[in-house]
1. State yes or no: is residue B:444 touching an Asp or Glu at 6+ places or on another chain (Cβ under 7 Å), more than 29 Å from residue B:362 (Cα to Cα) and not charged (D, E, K, R)?
2. Kindly indicate whether any position in the range B:51-59 is more than 14 Å from every other protein chain (Cβ to nearest Cβ), in contact with a helix residue (DSSP H, G or I) (Cβ under 9 Å, 6 or more places away or on another chain) and more than 30 Å from residue B:322 (Cα to Cα).
3. Out of all the residues in the range B:78-106, which are of a type in the set (Val, Ile, Thr) and under 24 Å from residue B:371 (Cβ atoms)?
4. Can you work out which of the residues in the range B:5-22 that are in contact with a Gly (Cβ under 7 Å, 6 or more places away or on another chain) and of a type outside the set (Gly, Ala, Ser) is nearest to the other protein chains (Cβ to nearest Cβ)?
5. Need a quick list: helices (runs of 4 or more DSSP H) entirely within the range A:1-94 having at least 3 residues that are at the interface with chain B (Cβ under 10 Å from one of its Cβ atoms).
6. Only one of these is more than 12 Å from ligand 1 (Cβ to nearest atom) and either at pLDDT 95 or above or of a type outside the set (D, E, K, R) (or both): B:165, B:153, B:158. Name it.
7. Name the helices (runs of 4 or more DSSP H) wholly within the range B:71-175 that hold at least 1 residues that are touching a Pro at 6+ places or on another chain (Cβ under 7 Å) and not assigned by TED's automatic domain parsing to the domain that holds residue B:195?
8. I'd like to check which helices (runs of 4 or more DSSP H) are fully inside the range B:260-364 and have at least 2 residues that are facing chain A (nearest Cβ under 9 Å).
Amino acid sequence: MIATGPANQDRVRQICLAYDAQPSALIEILHQVQDEFGFLPKDALVEIADALNISRADIYGVVTFYHDFRRAPLTGIDLKICRAEACQAVGSQKLAEHATTNNYTFTDAYCLGNCALGPAVMIDKKLYGRVDADRLDQLLRQKGE
Amino acid sequence: MMDQSAITLYVPGDSAACSVGADEVAQRISEIAQSKNIHIKLIRNGTRGMFWLEPLVEVQTGQGRLAYGPVTPDDVESLFEVDFLHGKLHELALGLTNEIPYFARQQRLTFARCGITDPLCLVDYENHGGLVGLRKALADTPEQIVETVTQSGLRGRGGAGFPTGIKWKTALEQPAGQKYICANADEGDSGTFADRILMEGDPFCLLEGMVIAGRAVGASIGYIYVRSEYPDAAQTMRRAVDIWRAAKLLGDDIDGSGQAFEIHVRMGAGSYICGEDTSMLESIEGKRGQVKVKPPIPAIDGLFGQPTIINNVLSLASIPIILAKGADFYRDFGQGRSRGTQAFQLGGDIACGGLVETAFGITMRELIEDFGQGSRSGKAIRTVQAGGPLGAYVPVSDFDMQMDYEKMTEAGAMLGHGGLVVFSEGVNMAAQARFAMQFCEIESCGKCTPCRIGSVRGKETLDKIMVGENVEQNLELLDEICELLTKGSLCAMGGLTPMPVQSAIQHFREDFAQQAKE
Ligand SMILES: Cc1cc2nc3c(=O)[nH]c(=O)nc-3n(C[C@H](O)[C@H](O)[C@H](O)COP(=O)(O)O)c2cc1C
Ligand code: SF4
């Protein structure tokens with residue numbers, strides 16, 4: 001775990017202030033904190049609660065409701081494999097099995113909006129289409145370089 | 001900065017086109033042009049929606065725009081060798097883009113500019129009919145705008161098909177005060193991508209629709225709720241908003257009319273249920289996306305307790321052309337109570353997948369066989385799931401159904417957001433039914449017990465059926481669970497999950513009893 005020191009707390013507060021510390025901006029704030037820190041550190045959540053003047057319980061409620069938010073860092077690359085119907089129809093199950101066999105860590109996505117060019121994956125927020133096992137290996141190798 | 005001598009080229013910047021290499025193709029074209037000292041103007045347009053041809057490169061010639069595709073970075077060298085910049089033939093040449101049958105046969109109203117213009121160029125937008133609807137609306141009274149929308153027959157494209165004019169009238173009738181317009185860009189249904197294509201390819205069209213909606217109901221603030229799986233669309237919308245603000249098409253005095261409107265882009269966080277309108281409002285308020293009981297309806301008591309219009313991206317993006325060309329023009333497309341055009345989206349195992357905008361009334365067979373050209377794998381098609389994850393599995397024998405709200409409902413299916421996902425031989429329909437239950441389990445907001453727990457029981461029951469355990473009794477039990485979900489759910493998430501499950505059992509019973517027979 002990355003330890004959050006005072007500097008990071010300041011940064012979290014800055015992000016909150018950029019949204020005028022509006023409670024309605026909570027999801028935007030969480031996205032930005034996660035983008036910068038890689039996950040949502042506990043200290044950051046406490047800081048957000050304080051800055052927006054809402055309870056920690058409310059923040060946890062929100063963080064746990066949405067699939068995007070994570071409270072621990074990713075162990076590998078940010079890989080999402082589309083597991084929804086359109087990609088199922090063209091072999092996403094096999095792709096996911098290949099990823100599991102090769103110990104790639106990934107999260108399931110339920111539709112990446114690339115349904116005519118499946119199987120689709122997203123790596124670091126970039127979309128890829130017609131991804132079979134070979135192409136996935138190749139993409140991850142490129143990313144690893 | 002139009003350079004007269006430069007040749008204009010188009011390579012889509014659409015994220016699906018880029019998912020199969022459009023960025024690399026664009027880069028390669030620039031490099032080679034530079035090394036050969038050829039002056040080109042390369043525009044990153046939206047996609048035309050013919051995904052099997054992506055990356056689709058177009059060259060502007062005296063005869064019109066000529067298409068080449070699908071182009072890989074390795075093809076670029078040879079394209080230059082045959083002098084494609086002057087429209088010369090090449091094995092990837094497709095002729096005039098507008099004459100490619102898939103494109104030529106469509107009726108593009110909402111997507112009239114998509115793939116044609118430079119998405120973030122305001123001059124291009126106006127040259128292709130943009131802002132005509134907005135200027136008309138600024139000259140009309142709010143009542144006149146609402147009347148035009150009502151007369152056009154437009155119904156919500158997000159899935160429920162509620163008449164847009166009636167929704168707007170309700171919000172207009174609320175006492176003046178802070179009202180809101182929310183564009184639903186959550187597009188969670190698998191098999192759908194039309195909202196994304198529009199936002200990336202013609203973002204100003206959505207803004208124009210929202211400003212008109214604001215004028216019509218007396219709202220001065222708009223939100224665009226974009227799902228986080230669409231980072232490029234969100235980025236394009238943010239840039240579009242900045243451009244409109246700078247051009248005074250947003251702000252407190254739009255185009256010198258005295259009308260005020262401001263738009264904020266908000267991002268979702270990976271939750272399907274946030275596409276449901278009350279859940280979306282909770283999410284915009286920064287809360288858990290829990291569904292709320294209606295009434296009160298959002299048009300009366302919505303975002304921050306104020307009157308709020310929630311419309312799908314495509315409903316809003318259809319508004320400018322309705323205002324520009326009149327209600328009758330739009331109404332004349334379509335049939336029965338389904339007026340205008342629908343953006344059908346062909347996905348899954350389909351040879352020619354993509355966007356087909358056409359009047360309501362086309363048959364599913366025409367879409368799948370004439371446009372789609374059958375399966376991509378070459379295998380026989382077995383079923384199509386229509387209308388997203390909560391939609392029915394339609395057997396090939398029902399492909400003659402006409403695609404409109406009522407006709408599809410009569411045939412036991414659902415239009416939804418217009419997605420069609422093709423499955424070919426080899427698909428296990430019991431597994432698909434199980435997935436429907438699993439999806440409900442994952443995405444349930446948790447408010448109703450039938451949805452939260454019933455989906456888990458449904459999944460477990462299907463697991464038993466799939467290994468041949470007491471198939472008959474378990475199918476009966478599953479039927480009861482489905483009935484409970486249908487009757488006891490607050491929203492369509494739990495309420496419609498039985499649709500894919502029961503249609504799979506009805507049409508593909510053989511997949512549910514394999515083990516037992518042996
Ligand atoms: C589970 C669920 C998911 C939904 N997802 C979406 C969506 O992704 N996009 C959308 O426009 N409407 C979605 N809807 C429909 C909305 O609740 C609402 O009817 C729609 O946004 C209204 O806009 P329209 O009248 O323009 O269609 C969903 C509904 C349910 C029950
Ligand atoms: S049906 Fe499911 S998703 Fe809809 S309100 Fe009930 S629990 Fe939430």
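1. Numbers: touching an Asp or Glu at 6+ places or on another chain (Cβ under 7 Å): no; more than 29 Å from residue B:362 (Cα to Cα): yes; not charged (D, E, K, R): yes.
For residue B:444, the condition - touching an Asp or Glu at 6+ places or on another chain (Cβ under 7 Å), more than 29 Å from residue B:362 (Cα to Cα) and not charged (D, E, K, R) - is not met.
2. Looking only at the range B:51-59, we keep the residues that are more than 14 Å from every other protein chain (Cβ to nearest Cβ), and these are B:57-59.
Those still in the list that are in contact with a helix residue (DSSP H, G or I) (Cβ under 9 Å, 6 or more places away or on another chain) too: B:57-59.
Applying the additional criterion that residues be more than 30 Å from residue B:322 (Cα to Cα) yields B:57, B:59.
Yes, there is a match, as at least one residue in the range B:51-59 is more than 14 Å from every other protein chain (Cβ to nearest Cβ), in contact with a helix residue (DSSP H, G or I) (Cβ under 9 Å, 6 or more places away or on another chain) and more than 30 Å from residue B:322 (Cα to Cα).
3. Residues satisfying the conditions are B:97, B:100.
4. It comes out as B:20.
5. Values: elements: A:6-18, A:26-37, A:42-52, A:56-65, A:85-88.
In the range A:1-94, A:26-37, A:56-65, A:85-88 are the helices (runs of 4 or more DSSP H) which contain 3 or more residues that are at the interface with chain B (Cβ under 10 Å from one of its Cβ atoms).
6. Working: B:165 fails: more than 12 Å from ligand 1 (Cβ to nearest atom); B:158 fails: more than 12 Å from ligand 1 (Cβ to nearest atom).
Being more than 12 Å from ligand 1 (Cβ to nearest atom) and either at pLDDT 95 or above or of a type outside the set (D, E, K, R) (or both) holds for just one of B:165, B:153, B:158, which is B:153.
7. Details: elements: B:76-81, B:101-104, B:122-127, B:132-139, B:142-152, B:164-173.
In the range B:71-175, there are no helices (runs of 4 or more DSSP H) which contain 1 or more residues that are touching a Pro at 6+ places or on another chain (Cβ under 7 Å) and not assigned by TED's automatic domain parsing to the domain that holds residue B:195.
8. Filter on the range B:260-364 gives B:277-284.
The values are calculated or read from the model by the stated rules, or taken from the named source; none is laboratory data. Being a predicted model, the structure only gives us computed values, none of them experimental. Quick reminder, even Gly has a Cβ in these numbers, built from the backbone with ideal geometry, and neighbours come from all protein chains shown.
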